[in-house]
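Encoded as structure tokens, the structure appears first; notes follow it.
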Amino acid sequence: METFKTIADTSLLGGHTALDFVNTVDSRGERWGPDFLTSFGDLVGWALRLGLLDPSERNLLLEHAADSPALAGAKLEDAKNLREALHRIFSAEARETHCDQNDLDQLSEFFRRAALQRRLEYGKGGVTWSDASAMSMTAIADRIAALAVDLLISRQQRRPVRVCQGRNCGWLFLDQSRGGHRRWCSDKTCGSAARVRKFRAERVD
Ligand SMILES: [Zn+2]
């Protein structure tokens with residue numbers, strides 16, 4: 001039995017925030033959806049859960065959204081367009097094919113805006129990037145874009161991105177498995193369902 005999930009309890013199996021963002025669509029397999037991001041508030045709640053915002057930034061963005069609901073709706077659509085571009089870009093990596101330049105240009109645009117909101121600061125572990133307070137409703141997508149770029153350009157220093165082979169899944173994840181041949185976003189869900197299907201098919205044979 002499928003348990004209906006919302007953005008508040010959707011699984012975080014991507015191993016990286018940018019991939020978890022792509023995975024805010026429940027299924028990209030034989031069917032598409034449902035989409036967990038149904039409102040700007042969903043996006044804000046998700047960003048807080050992933051540590052992309054702090055509670056005061058969350059409150060500020062929700063106030064902005066309440067003041068300008070139409071603009072909030074447009075910013076949610078922008079974020080979803082980024083999400084779909086990230087899906088195409090990282091799926092291409094998983095297939096070991098070229099990604100589309102238009103998608104890279106779109107990601108670059110978000111990244112540039114994120115870069116304008118950052119400054120270098122000296123902290124505990126040395127010098128790091130620090131984000132200015134999220135004043136704008138584009139801030140979440142911009143921050144995701146910055147993380148996605150870090151992931152994308154570090155391909156030679158990290159494990160590969162893979163696409164879950166589960167039926168009706170298609171989630172993306174970083175393959176941190178020892179052998180480097182992980183097939184499922186989760187062994188408990190997609191992996192177990194695949195084993196049950198295989199077992200039944202073998203019994204029929
Ligand atoms: Zn899966």
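The values are calculated or read from the model by the stated rules, or taken from the named source; none is laboratory data. What you are looking at is a predicted structure, and each value in this text was computed from that prediction instead of being measured. Please note: Cβ atoms are built from the backbone with ideal geometry, for glycine as well, and neighbour counts cover all protein chains shown. Ligands, DNA and RNA are stripped out before the accessible areas are found, and what is left, the full protein with its side chains, is counted by its heavy atoms. Shrake-Rupley method; radii C 1.70, N 1.55, O 1.52, S 1.80 Å.
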(message) I need the full set of residues from the stretch 179-205 which are near the ligand (Cβ under 9 Å from one of its atoms), closer than 14 Å to Ser11 by Cα and either touching a helix residue (DSSP H, G or I) at 6+ places or on another chain (Cβ under 7 Å) or not β-branched (Val, Ile, Thr) (or both), in order please.
(response) Trp184, Cys185, Ser186, Cys190
(message) List the helices (runs of 4 or more DSSP H) inside the stretch 1-96, counting only whole elements, that have at least 1 residues being within 19 Å of Trp171 (Cβ to Cβ).
(response) 17-22, 40-49, 69-95
(message) The conditions are (1) open to solvent by less than 60 Å² (accessible area, probe 1.4 Å); (2) touching a helix residue (DSSP H, G or I) at 6+ places or on another chain (Cβ under 6 Å); (3) at pLDDT 95 or above, and Arg88 fails exactly one of them. Which is it?
(response) (1)
(request) Would you tally the residues in the stretch 148-178 being away from the ligand (no atom under 16 Å from the Cβ), open to solvent by 50 Å² or more (accessible area, probe 1.4 Å) and among the aliphatic types (A, V, I, L, M)? (result) 1
(message) Six or more apart or on different chains, Cβ atoms under 6 Å: show the pairs whose first residue is in the stretch 117-134 and more than 22 Å from Arg58 (Cβ to Cβ) and whose second is at pLDDT below 90 and open to solvent by 90 Å² or more (accessible area, probe 1.4 Å).
(response) none
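In this structure, does Glu57 turn out to be over 14 Å from the mean Cα position of the chain (by Cα) and within 13 Å of the ligand (Cβ to nearest atom)? Can you show your working first?
On the way: over 14 Å from the mean Cα position of the chain (by Cα): yes; within 13 Å of the ligand (Cβ to nearest atom): no.
No.
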(message) Leu120 - would you say it is more than 16 Å from the ligand (Cβ to nearest atom) and closer than 17 Å to Thr17 by Cβ?
(response) no
